[in-house]
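Derivation of every value follows stated rules applied to the coordinates shown; laboratory data play no part. The model shown is predicted, which means the values in this text are computed figures rather than measured ones. Counting neighbours? That spans all protein chains shown, and the Cβs are built from the backbone with ideal geometry, glycine included.
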Amino acid sequence: MAPRVEYFFRETASGLRRNGVVAFAAMSTAFIALFLFGLSLLIAREFNLVTRAITGNVEVQVYLSDPVNLGTVAHLTDKLQSVQGVASVEYWNKDRTCKQFHILFAGQPVFTENVDCRNLPTSLRLNLSEVTNFRLITATLGCSLIVEPDGDQHQECTEPGIRSVADYQKLLDRLDSLTRVLSLGVFGIAVIMLVSAIGLVANTLRMGMFARRKEIGIMRLVGATNWRIRVPFLIEGMVEALLGAASAIAGLFLVKVFVVDRLRGTAPWLPLIKNTDVVAVMPWILLAAALVAIVAGTIGMRRFLDV
Amino acid sequence: MISLQRVTKVYRNGVTALEDVSVEIDKGEFVFVVGPSGSGKSTMIRLLLKQEEASRGDVFVAGKHLSKITSFKVPHLRRNIGTVFQDYKLLQDKTAFENVSFALEVIGKPKHVIDQRVPEILEYVGLGDKLNAYPDELSGGEQQRVSIARACVNRPLVLLADEPTGNLDPNTSVDIMRLLDKVNRIGTTILMATHDQAIVDAMRKRVIELDKGKVVRDQSRGVYS
């Protein structure tokens, strides 16, 4: 068996050398395609993280206007507790809000030193059993969104003592559409690039077969099987696609280190993808690379398959 | 060893290359197929290699019914058939040794078989001292010897030769014919398509003459015309 493996790899290596420039073009297209493909997967994962962080503990904040009347707090608490889907209602006074604020922005003196805790609003924090119950709460409080002629929006509520209700639904909707646009957009480009990578890899295989048509003709005459003839070319396509995949994975790690990790310093509250996320998309990239090689092999060699 | 039974070959463009041809060739025979260009000699060879399918009739080679074997089995058929051509079909970037070993390598023969058989067969065709010569360092006759060595190295039952002396001068042609005769004497069935009148007349072997796709003469110990 040993000389066979050696034979295949020797043929593949000489094919790649002979076809250098075209093979390089195929490889770089495969790289860009697979990189964008991986990027779209990572974007989807990142938005998933953000969404989960928001919906993970489904909480609605009802901000109260100053000065706070404890009677109003009791009244609102009662009222909200009777709403279906509300698990608990908690009153956060200035002290507690202030402490939480200092924990959240611990690393950033710009905020902690300049924001006066007296200006932070007190709030009622509701735990919901489901994020979709949000509308029930705004309805109970009589809140509605007022759109002013100049396009600005603000909330007004009929219940007294309420400043605003944090609207997660809208944020989630926006996040969702942002995910879709970014992730699908990049994915779409990736698909187009993958198709051109298939075309280019197929073309290198075809050129390789053309350059070696005499050799192939002799192989046929002396009784080499079709597989014996095809395998070096298939390996060649596979090598091109896999080198593209390896560079794509390296590229994604670079993005993670130089873009994502830099963000980590400036926005500690934002959940970010980790190395494990890049590792998790690796199999998909390799799978896509294998697909490129297989489809390219099938297309590239179709014309040469007749005995 | 070779049998064509009422074989007709019509190409897709409507040209009839062979028409109702029946030929029987026994094991160990040496047969010339003669006739003008376009008489169907090359088509006959292509049919025997299953590079083409007969439009009608049956072709048997080395006990195999060619229209019944799947394309998957065609390579195994060809391992029993050696082929020699007018233009030698050698790979220019490979030495004599490598050109011959290539034929064994691509059918998966192990290295020790290659290392034993290749020098042996090159010695047999008279090139024992030119193992490492490239084709452009060899004369036409020597290149054809390499190609015969390649055709014979896997010990085929049948050797098909299409104008093997077409590019060679008369003296060299005679040497090549001596070599083919030698190959024939060890039991290899040989079918050789040729234009070379002098050779056919000198060898006095069986002659099958084709004209416009039909067998017009089949004569043992015949001459060219």
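Key figures for this structure:
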| read-out | value |
| --- | --- |
| Selection from A:Ser40, A:Ala293, A:Ile235 lying farthest towards where the dipole of chain A points positive, charges on Cβ | A:Ile235 |
| Ellipticity estimate at 222 nm from DSSP helix runs (n ≥ 4, -39,500 (n - 2.57)) divided over chain B, nearest 500 | -9500 deg cm²/dmol |
| Overall Cα dimensions of the stretch B:110-225, principal axis frame, Å, largest first | 47, 28, 23 |
| For chain A, built as a Gaussian network whose Cα springs stay under 10 Å, the top-fluctuating residue of A:Leu136, A:Leu221, A:Leu42 | A:Leu221 |
| The stretch A:196-209 - phi-based ³J(HN,Hα) in whole Hz, Karplus 6.51/-1.76/1.60, Gly and Pro as x | 5, 4, 4, x, 5, 5, 4, 5, 5, 4, 5, 5, x, 5 |
| C-alpha center-to-center spacing [the stretch A:59-128, the stretch A:172-229] in angstrom | 57 |
| In order through the stretch A:242-258: 3J(HN,Hα) via Karplus (6.51 cos²θ - 1.76 cosθ + 1.60), integer Hz, x for Gly, Pro | 6, 5, x, 5, 4, 5, 5, 5, 4, x, 5, 5, 4, 4, 5, 6, 8 |
| Beta bridges per DSSP with both ends in the protein assembly as shown, % antiparallel, nearest 5 | 65 |
| Partners for B:Lys109 among aspartates and glutamates (Cα-Cα distance below 16 Å; same-chain residues under 8 apart left out) | A:Glu6, B:Glu98, B:Glu120 |
| Taking chain A and dividing mean pair separation by its residue count, relative contact order in percent (alpha carbons under 8 Å, at least six apart) | 33 |
| Loop-located chymotrypsin sites (Phe, Trp or Tyr not before Pro) in the stretch B:1-100, at most 12 other Cβ atoms within 10 Å (DSSP) | B:Tyr11, B:Phe72 |
| Neighbourhood net charge (13 Å Cβ-Cβ; Lys/Arg +1, Asp/Glu -1) for B:Lys68 | +1 |
| Simple Cβ-charge dipole of chain B, Lys/Arg +1 and Asp/Glu -1, about Cα centre, in debye nearest 20 | 940 |
| Out-of-range pairs (alpha-carbon distance over 22 Å; input B:Lys9/B:Lys214; B:Lys89/B:Lys130; B:Lys9/B:Lys50; A:Lys79/A:Lys99; A:Lys214/B:Lys214) | A:Lys79/A:Lys99; A:Lys214/B:Lys214 |
| Dipole magnitude of chain A about its Cα centre (Cβ charges: Lys, Arg +1; Asp, Glu -1), debye to nearest 20 | 2100 |
| Amide proton proximity set for A:Ala224, modelled H, under 5 Å, gap of 5+ | none |
| Inter-chain Cβ neighbour average for residues B:75-83, partner chain, 10 Å | 4 |
| Cut-off 16 Å, label 7 Å out along Cα→Cβ of B:Asp20, residues of the stretch B:49-91 by amide N | B:55-58 |
| Residue-wise HN-Hα coupling along the stretch A:231-237, computed from phi with Karplus coefficients 6.51, -1.76, 1.60 (Hz; x: Gly, Pro) | 3, x, 6, 4, 4, 4, x |
| Alpha-carbon centroid distance for the pair the stretch A:4-28 / the stretch B:1-79, whole angstrom | 38 |
| Virtual spin-label span in nm between A:Arg180 and B:Thr8, 7 Å along Cα→Cβ | 6.6 |
| Within the stretch A:154-307: Cβ-based charge dipole about Cα centre, in debye rounded to nearest 20 (Lys, Arg +1; Asp, Glu -1) | 880 |
| 5 angstrom amide H check on B:Leu210, placed H, neighbours 5+ away | B:Val34, B:Gly35, B:Val216 |
| Among A:Cys143, A:Gly161, A:Ser82 the positive-end extreme of the charge dipole of the stretch A:57-168 (Cβ point charges) | A:Ser82 |
| R0 of 41 Å, Cβ-Cβ distance A:Ile294-A:Lys99: FRET efficiency to nearest 0.05 | 0.10 |
| Trypsin sites (Lys or Arg not before Pro) within the stretch B:65-119: DSSP coil, no more than 11 neighbouring Cβ in 10 Å | B:Lys68 |
| Given charges at Cβ of Lys, Arg, Asp, Glu: the stretch A:173-248 dipole, positive-most of A:Ala248, A:Leu221, A:Leu178 | A:Leu221 |
| Number of partner chain Cβ atoms within 10 Å, mean per residue of B:98-111 | 4 |
| Disulfide-incompatible cysteines by the Cβ rule (no partner under 4.7 Å) in the protein assembly as shown | B:Cys152 |
| Loop-resident sites, the stretch B:143-225, for trypsin sites (Lys or Arg not before Pro), counting at most 13 other Cβ within 10 Å (DSSP) | B:Arg204, B:Arg221 |
| Crossing angle, helix B:170-185 versus chain B [Cα axis fit, 0-90 degrees, rounded to tens] | 80 |
| Segments B:192-201, A:23-32 sorted - mean Cβ within 10 Å per residue, highest first | A:23-32, B:192-201 |
